[in-house]
1. Want the number for residue 38 to residue 146: 0.36 nm per residue separation, take away the alpha-carbon distance, what's left?
2. With θ set to phi - 60° and the Karplus curve 6.51 cos²θ - 1.76 cosθ + 1.60, what are the ³J(HN,Hα) couplings of the stretch 87-93 in order, to the nearest whole Hz, using x for Gly and Pro?
3. Could you work out how far apart the two model spin labels at residue 79 and residue 178 are, taking each label as a point 7 Å from the Cα in the direction of the beta carbon, and quote it in nm?
4. Using the Karplus curve 6.51 cos²θ - 1.76 cosθ + 1.60 with θ = phi - 60°, what ³J(HN,Hα) values do you get for each residue of the stretch 33-38, in whole Hz, with x for Gly and Pro?
5. Can you list the residues, at least 5 places off or on another chain, whose amide H is less than 5 Å from the amide H of residue 68, using H built in the peptide plane?
6. Hey, which of these cross-link pairs are over 26 Å Cα-Cα: 41/126; 41/74; 126/178; 140/186; 74/148; 126/186?
7. Percent of Cα-Cα pairs per 5 Å bin, from 0 to the last occupied bin, for the stretch 65-105, please list those.
8. Given H placed on each backbone N at 1.01 Å, which residues far from residue 149 in sequence or on other chains put an amide H within less than 5 Å of it?
Amino acid sequence: FSQRWQAAEKQRAQAKAEAKQGIRTVNRKPVIAIVYENNAKTKYDTTIDKKLFEYLDAALPAQTYELIDGAIYKTKLSEIGIEDIADAERADILSVLEDSNVDYFLYLGVGPVTVKAKSSLLVAGKAATASIPFRVIDVKNNRYLYTKTYTEAAQSTTPIGSVGSKSVTLEIMTRVGKEIQATLEKRLPKSITYTETIPLAERTPKEIESF
């Protein structure tokens, strides 16, 4: 408790000193534009969505981040001839985010899922492969926070029976989802901090006088 009290006192002292200079420190939620594309082309695409969103939701809680639909930026990229965001140049993505209030751009895609049957005399099963591109761009600092295309495979077998394509595919999504959650929790800042000039209308007479 004493450490929290000391930290609070330090913040109050800093705020008072800054006010005398006509500035203040602002801490706010990072704004993240998200584009998600599912091109798996399976009969259970909505289940894939739900599984991946489970990990995104865990990594990007509403109390910490402001999330916005990045569809408008996807449209803008399409207008300049870029349909495949996974292979787009960072500069092209940043060009459509210019003058926006977005701090980070997150892209997550699911490529076509390939499922093949595997069987022998005593066992039967499925083998699945999928490509999942994942990009996080720091818009204000013009750099990638993270970029990776997961190329994953999974297989499952049962004695003299059958294994569904859905279960083996979701094994991939679970594995990748956990990695994405861990990456976001590790690399994505929890707040945006900066200083700004206090508008005259918001200053006290004493602050105006000292300024």
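Each reported figure results from applying straightforward, stated rules to the coordinates on display, with no laboratory input. What you see is a predicted model; the values in this text were computed from it and never measured. Ideal geometry is used to build each Cβ from the backbone, glycine not excepted, and the neighbour counts take in all protein chains shown.
1. This chain segment gains 36.9 nm when fully extended.
2. The phi angles translate into 9, 6, 5, 4, 4, 5, 5 Hz.
3. Placing both labels 7 Å along Cα→Cβ, they lie 4.3 nm apart.
4. So the Karplus estimates, Gly and Pro as x, are 8, 10, 10, 10, 10, 10 Hz.
5. The list, which skips near neighbours in sequence, is 32, 33, 34.
6. 126/186
7. Here the calculated profile for the stretch 65-105 is 6, 22, 37, 22, 11, 2, 0.
8. Correct list: 134.
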